[in-house]
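Read the structure below first, then the notes.
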Amino acid sequence: MNKWKVAFMLLLGSVILGIGTLFVLATSPVEQAAIPEPAEVVGNTVVLETTVKEFEAISKRYLQDQLDQSPLPIDIVMNDSIVLKSTLTIFGVDVPIAMDFEPVVEDGNIRLKQTEMNVGKLNIPPKTVLKIMKDSLKLPDIITVLPNDEEIYVDLSRVNIADGTRVRAKEIDMPNDRIVLEMVVQGDFQIGRA
């Protein structure tokens, strides 16, 4: 057999093996991470009401600080839902990814339930995209990706703002542009009369 034919067959086999390996890794079952128990937050409570755009700006700043070293850039856009956008480079081609989530408040934390997903023009199951996201991103400790449930869990009880001040979600009503948060300042502060 001609040496070029042998070289071509070896190259073709390597490409098929590589694509097969990527397919198996992307579609293999995911070991589901356990959702951490919410940290008990006790103290004096201040209720804050904000708009969706203000909450978006705060979230972008936090994600920018936390994901600064990440190889996969993530942008967050909030309107009537929460949209995570990114670009994945596959074989030198940039493929846009957009995942829509519906936020649900649960014990002061936020559970993002996936409602829609677009990966360029490809039809890829949400579970696979969330698995790739979980495996390729170094996410902050407060974020747990749950590919099997097609959800992302945001544990606000572990966000430490300053000197033990914590945050809890009270209400998220994005269509009506209303987000209510509680800030819990830990400590024994007594308001006295002068």
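Please go through the residue pairs LYS60/LYS113; LYS121/LYS170; LYS5/LYS131; LYS85/LYS138; LYS85/LYS127 and name each one whose alpha carbons sit more than 28 Å apart in this structure. Show your work: numbers first, answer last.
Working: LYS60/LYS113 19 Å; LYS121/LYS170 37 Å; LYS5/LYS131 38 Å; LYS85/LYS138 16 Å; LYS85/LYS127 16 Å.
From LYS60/LYS113; LYS121/LYS170; LYS5/LYS131; LYS85/LYS138; LYS85/LYS127, over 28 Å: LYS121/LYS170; LYS5/LYS131.
Could you rank MET174, MET9 by how accessible they are, 1.4 Å probe, largest area first?
Numbers: MET174 10, MET9 115 Å².
If we order MET174, MET9 from most to least accessible, we get MET9, MET174.
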What figure, in Å² to the nearest 10, do you get for the accessible area of LEU112 with a 1.4 Å probe and non-protein molecules left out? 20 Å²
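With +1 on the Cβ of every Lys and Arg and -1 on the Cβ of every Asp and Glu, and nothing else charged, how large is the dipole of region 103-194 about its Cα centre, in debye rounded to the nearest 20?
Charge dipole of region 103-194: 200 debye, to the nearest 20.
Rounded to the nearest 0.05, what FRET efficiency do LEU10 and GLN186 give with R0 = 45 Å and r taken as the Cβ-Cβ distance? Could you check? Please list the in-between numbers first.
Working: r = 64 Å, r/R0 = 1.42.
Taking R0 as 45 Å, the efficiency between LEU10 and GLN186 is 0.10.
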Which value, in Å² rounded to 10, gives the accessible area of ARG158 with a 1.4 Å probe and all protein chains present? 100 Å²
Just going by the charge dipole of region 94-189, with Lys and Arg at +1 and Asp and Glu at -1 on Cβ, which of THR144, VAL184, VAL95 is farthest out on the positive end? VAL95
To the nearest 10 Å², what's ILE58's accessible area with a 1.4 Å probe? 100 Å²
Please list, in order along region 161-171, the HN-Hα scalar couplings obtained from phi with the Karplus expression 6.51 cos²θ - 1.76 cosθ + 1.60 (θ = phi - 60°), rounded to whole Hz, x for Gly and Pro. 7, 6, 6, x, 6, 10, 10, 10, 7, 10, 7
Calculate the spin-label point distance for VAL104 paired with LYS138, positioning each point 7 Å from the Cα along the beta-carbon direction, and give it in nanometres. 3.2 nm
Considering amide H positions built from the backbone, and no H for Pro or chain starts, which residues 5 or more places from ILE124, or on another chain, come under 5 Å of its amide H? VAL119
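Given a Förster distance of 22 Å, report the FRET efficiency between ARG61 and PHE91 from their Cβ-Cβ distance, rounded to the nearest 0.05. Kindly include the intermediate steps, with their values, before the conclusion.
On the way: r = 33 Å, r/R0 = 1.52.
So the FRET efficiency works out to roughly 0.10.
In nm, what is the difference between 0.36 nm times the number of residues separating ASN118 and ASP173 and their Cα-Cα distance?
Working: separation 55, 0.36 × 55 = 19.80 nm, distance 2.40 nm.
My answer for the length gained is 17.4 nm.
The values are calculated or read from the model by the stated rules, or taken from the named source; none is laboratory data. Every value quoted in this text rests on a predicted model; they were computed, and no experiment measured them. Note that each Cβ is placed from the backbone with ideal geometry, even for glycine, and that neighbours are counted across all protein chains shown. Please note that ligands, DNA and RNA were not included when accessible areas were found on the heavy atoms of the full protein model with its side chains. Shrake-Rupley method; radii C 1.70, N 1.55, O 1.52, S 1.80 Å.
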